[in-house]
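Here the structure comes first, spelled out in structure tokens, and everything after it is commentary.
The values are calculated or read from the model by the stated rules, or taken from the named source; none is laboratory data. For clarity, every value in this text was computed on a predicted model and none was experimentally measured. When we count neighbours, we look across all protein chains shown, and the Cβ atoms used for this are built from the backbone with ideal geometry, even at glycine. For accessibility, only protein heavy atoms count, side chains too; no ligands or nucleic acids. Shrake-Rupley method; radii C 1.70, N 1.55, O 1.52, S 1.80 Å.
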Amino acid sequence: MECPTCDDYSGSRDSVARHHARVHPDEMEDRFWMYVDRGGGGECWEWEGQRHYLQGHGRFKFDEDYYYAHRVAYRLEYGEIAGQVNHSCENPP
């Protein structure tokens, strides 16, 4: 995998994500989507990054804090969250 911004760094998805966070910290959205398998039309979007060790929910680190991946995806796609965000697939963690 190559860095989506500078194309001069390649490696595993995790090493590219670490590079991207260090060199391009203002481009959080690109780094987040590296860990999402959007599948085909109508399929669930699977989180392929880190998971909470007890709950199993996907989580994403940004600015030294962790956020649930499904909430980050919702905000990136639709904007502010007004309440609870449910998984439409309800696939188990």
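The single condition among (1) open to solvent by 50 Å² or more (accessible area, probe 1.4 Å); (2) closer than 27 Å to Cys6 by Cβ; (3) among the small types (Gly, Ala, Ser) that Gly42 does not satisfy is (2). Among the residues of segment 33-90, those identified as β-branched (Val, Ile, Thr) and touching a residue at least 24 places away in the same chain (Cβ under 8 Å) are Val36, Val72. Checking each residue in segment 45-70 for being open to solvent by less than 50 Å² (accessible area, probe 1.4 Å) and aliphatic (A, V, I, L, M) picks out only Ala69. Taking segment 1-86 and the helices (runs of 4 or more DSSP H) fully enclosed by it, the elements with 1 or more residues that are at pLDDT 80 or above and touching a strand residue (DSSP E or B) at 6+ places or on another chain (Cβ under 6 Å) are at 28-33, 69-78.
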